[in-house]
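Below: one structure, written as structure tokens.
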Amino acid sequence: MKNRSYKAEKVIELLGKKLNRQIVGSLAACVHCGMCTEMCHYVLTNPDDPTYAPAYKGDQLRKIFKRHYDWTGRVFPWWVKAKSVYTDEDLEALKDTVFGKCTNCRRCTINCPMGVDLASFNRMARGLLVSVGIMPEGVAVVSKDQWEIGNQMGVLKEDYLDTLEWMEEELQDELEDETVKIPVDKMNCDVVYSINPREVKYDPRTIADAAKIFHFAGENWTMPSEGWDMTNFGLFSGDDDLGGSVGRRLYEKVEELRGKKLVISECGHGYRSTRCEAPNWGKLDVPFEMESSVITMLRYIKEGKIKVDKTRNQEPVTFHDSCNNARSCGLFDEPRELLNLVVTDFREMYPNKAENYCCTGGGGAMSMTEYTPRRLKSAKIKADQLTATGAKIVVTSCHNCVDGLTDLIRHYKLDIKVAQLVNLTANALVIPEKISLPEEAAVKRIPEPSTDNVLAGKKILIADDEPDILTFFSTVLEDNGAEVITALNGKEAVELIRKEKPDLVTLDLNMPEMDGGKVFEILRKDPELADIPVCIITGRPELRRLIYDRPVKAPEGYLDKPVDEDTLIINIRKILEVKKHSSK
Amino acid sequence: MADSLKINGHLLTLLKGDITDMEFESFVFYASHDLRLGAGFGNAIAVRGGQSIQAELDKIGKKNTCDVVISKAGKLKAKAILHAVGPRFKEPDTEVKLEKTIINAMKLGEDNNLKQIAFPPMGAGFYAIPLDTCAKVMMKTLKEYLGGESSVQEVIICANDNREYQAFKPYFL
């Protein structure tokens with residue numbers, strides 16, 4: 001009798017407790033017909049590697065189930081390929097499959113004649129491993145942040161509230177109207193609006209765009225001060241306890257505010273988790289209506305609450321369906337209806353809707369940097385799909401997809417931008433006459449870098465070994481009023497930062513003499529420099545570990561190259577603004 | 001919201017809030033073996049408290065399960081943090097180890113003349129100790145400890161959300 005490790009013993013024991021009719025059906029029904037293989041983006045980009053086949057991946061858990069919980073495995077183990085796990089290394093191998101070779105996109109289920117839902121038991125296998133502490137490091141970080149801070153990105157309450165206040169001020173300036181508000185914890189509202197922490201950390205423009213739409217629709221709305229994260233890493237990690245408690249925090253806050261409806265901003269897994277899954281994970285009754293913001297925006301237009309002018313969005317646009325929205329929740333007609341109302345040139349992507357390919361960033365893949373090369377290789381399918389549309393903008397109603405698509409667009413050097421419906425709808429919004437703004441102001445987007453000295457008085461050091469990047473960033477920042485200092489390598493950057501004490505540093509990671517990670521650690525460990533905000537700007541996301549593995553406070557900002565002018569200015573301003581608020 | 005029990009002249013209080021951002025004299029952080037602050041509450045401690053806390057821990061090095069070490073709390077509202085390396089992820093003898101970790105935290109608090117110590121629900125959440133097990137062990141251990149002689153005047157159980165609060169609430173009725 002082989003000895004079994006404690007963790008392996010626990011995984012087998014917990015598997016028995018997790019089995020239900022749906023899981024057993026999927027584990028027992030596979031006849032290995034191979035119909036699933038042609039549906040998986042991993043298989044299509046790795047045709048010579050059978051370990052990516054959905055049936056093979058399913059077998060890694062199926063063999064344990066057969067060995068311990070199915071009579072066929074007990075009687076004919078050699079025939080049904082029943083096999084147990086014994087060591088922690090066996091569990092690590094299972095981790096590599098369930099986290100690193102599947103994004104739980106569920107596309108393989110479409111073709112399965114037996115109704116096997118691989119994603120359901122792949123998620124369950126993830127949960128078994130997580131419960132004994134075996135998971136990719138990124139999964140651990142994100143899960144811990146959501147358990148303890150209450151959101152996936154560890155955004156502290158004060159930073160969240162500062163960002164809302166900042167966006168409110170921006171909107172008031174843009175619209176020259178101090179009545180425009182982003183209300184927080186207002187009681188008895190018709191709409192409570194919940195968002196993805198990515199919006200706070202990397203894309204606050206989406207919050208401002210949504211606020212603008214709510215304002216002109218005359219909505220009685222609010223955002224919650226707590227429990228505001230509608231994303232749910234429990235869906236990705238397989239941890240039902242996390243999934244249930246995250247949902248509960250949000251539902252309880254809506255009830256506390258006596259909100260009539262919860263509107264969920266554009267996020268595929270957030271929508272699926274909050275609206276469909278979390279009530280089951282948490283065994284909760286939810287006494288109010290829940291709705292995707294896509295449907296809310298569409299309703300406002302149909303009911304005449306807002307007016308839009310589609311000619312303001314004339315670039316060719318295609319739509320990428322989030323797997324969680326489309327395949328798991330059936331939300332695919334409404335975004336197209338809305339798109340056709342706010343853009344002039346919508347081009348369908350094929351295949352689409354429930355048959356669409358994953359962005360390859362789903363299932364928490366963006367947090368698992370060790371699997372980035374696999375992910376980007378498998379993204380060739382999506383890159384080809386995007387290219388075939390001829391579109392210049394790909395729209396998606398999912399923040400994970402925004403990141404996944406942005407990454408693959410950069411990797412495959414496609415000339416396509418990523419946007420969300422809220423951005424295009426806000427841009428098409430016709431400001432009512434009573435505001436009496438000139439047309440130009442009505443379509444103005446934040447920021448307006450070419451006309452405002454928004455960075456006046458700020459000293460910014462740019463560290464990057466690419467002269468073209470230095471020139472581009474310097475020009476953009478100087479045009480916006482900043483005093484710019486440049487450094488071509490890490491060593492020079494440290495010397496100049498010590499001498500000049502800039503208000504902010506932008507830091508490339510891959511630099512000669514001293515890499516950006518080392519520079520970052522030196523800054524953070526020097527009491528005189530530790531509080532200088534740092535924005536990492538890198539073309540190699542796999543190097544993120546150079547930063548996040550260091551035992552120092554995380555950087556204030558992070559951008560992937562290429563960075564356009566608007567994104568650079570928005571993020572630099574946000575970092576400086578949050579710094580200003582937090583120093584008050 | 002808060003509930004309290006009087007035990008042998010000591011106060012055992014249950015309340016809800018962000019343990020890293022409250023006016024406690026000291027609080028317990030459920031630490032990792034390498035004493036890296038890391039994500040979650042660790043990130044909140046690092047961001048709100050400043051770099052000095054991790055720097056102090058770096059000088060201590062790695063610790064074993066059930067060990068507890070103390071650091072100052074930097075710019076946080078608390079004065080001290082007790083970094084407790086508790087059991088995690090369904091490891092063997094979880095309840096025994098959890099009890100020992102709590103007692104070690106109390107003893108270290110006494111050694112440092114702390115009068116008030118706040119505990120999170122130890123190991124519940126990310127570290128996967130079932131919340132009912134956590135509540136049972138914490139309440140039994142703390143009640144027994146405070147029933148004896150202790151210079152600590154108040155122990156607080158600081159729940160992060162209603163789910164955690166409700167798990168402890170029956171012990172305060």
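Each reported figure results from applying straightforward, stated rules to the coordinates on display, with no laboratory input. Bear in mind that the values here come from a model prediction, so they are computed numbers and not experimental data. So basically every Cβ, Gly included, is an ideal-geometry build from the backbone, and we count neighbours across all protein chains shown.
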Would you kindly derive the ³J(HN,Hα) couplings of region A:120-131 from the backbone phi angles with the Karplus curve 6.51 cos²θ - 1.76 cosθ + 1.60 (θ = phi - 60°), listing them in order in whole Hz, with x for Gly and Pro?
5, 8, 5, 4, 5, 5, 4, x, 4, 5, 4, 5
Relative to the longest principal axis of chain A, what angle (0 to 90°, nearest 10) does the C-alpha long axis of helix A:6-18 take?
90 degrees
Computed FRET efficiency, Cβ-Cβ of A:Val75 and A:Leu14, R0 41 Å: what is it to the nearest 0.05?
0.95
In region A:1-81, trypsin sites (Lys or Arg not before Pro) in a DSSP loop with at most 16 other beta-carbon atoms within 10 Å
A:Lys2, A:Arg4, A:Lys81
Given 25 °C and 0.890 mPa s, compute D for region A:459-583 with the Stokes-Einstein relation, Rh being the Kirkwood radius over Cα pairs; round to the nearest whole µm²/s.
173 µm²/s
Can you work out ³J(HN,Hα) from phi for every residue in region A:472-483, in order, using Karplus 6.51 cos²θ - 1.76 cosθ + 1.60 and θ = phi - 60°, giving whole Hz and x for Gly and Pro?
5, 4, 4, 4, 4, 5, 5, 4, 9, x, 7, 8
When the label point is put 7 Å from the Cα of A:Lys260 along its Cα-to-beta-carbon vector, which residues of region A:168-211 have a backbone N closer than 20 Å?
A:181-194, A:211
Residue-wise HN-Hα coupling along region A:317-325, computed from phi with Karplus coefficients 6.51, -1.76, 1.60 (Hz; x: Gly, Pro):
10, 10, 10, 9, 7, 5, 4, 5, 5
Collect residues whose amide H, placed 1.01 Å from N in the peptide plane, falls under 5 Å from the amide H of A:Ile485; neighbours closer than 5 in sequence don't count.
A:Ile460, A:Leu461, A:Ile462
Cut-off under 5 Å, modelled amide H: who pairs with A:Ser322 long-range:
A:Ser397
Loop-located trypsin sites (Lys or Arg not before Pro) in region A:217-257, at most 11 other Cβ atoms within 10 Å (DSSP):
none
D (Stokes-Einstein, µm²/s), Kirkwood Cα radius, region A:6-135, 0.692 mPa s at 37 °C:
223 µm²/s
Among A:Ala493, A:Leu477, A:Val563, which residue has its Cα positioned farthest towards the positive end of the charge dipole of region A:459-583, with +1 placed on the Cβ of Lys and Arg, -1 on the Cβ of Asp and Glu, and the dipole taken about the Cα centre?
A:Ala493
With axes computed from alpha carbons, what is the tilt in degrees of helix A:380-389 against the longest principal axis of chain A, rounded to the nearest 10 within 0 to 90?
50 degrees
Roughly how big is chain A's charge dipole about its Cα centre, with Cβ charges of +1 (Lys, Arg) and -1 (Asp, Glu), in debye to the nearest 20?
2960 debye
Given C-alpha coordinates of chain A, what is the ratio Rg to Rh with the Kirkwood estimate of Rh?
0.98
Of A:Phe65, A:Pro502, A:Val139, which is farthest along the charge dipole of chain A in the positive direction, counting Lys and Arg as +1 and Asp and Glu as -1 at C-beta?
A:Phe65
Tell me, in nm to one decimal, what length is gained between A:Asp173 and A:Gln22 on full extension, where the rule is 0.36 nm per residue of separation less the Cα-Cα distance?
49.0 nm
Check each of the chymotrypsin sites (Phe, Trp or Tyr not before Pro) in region A:56-136 and keep only those in coil by DSSP with at most 15 other C-beta atoms within 10 angstrom; list them in order.
A:Trp78, A:Trp79, A:Tyr86
Ignoring everything except DSSP H segments at least 4 long, calculate the 222 nm mean residue ellipticity for the protein assembly as shown; use -39,500 (n - 2.57) per segment, divide by total residues, nearest 500.
-13000 deg cm²/dmol
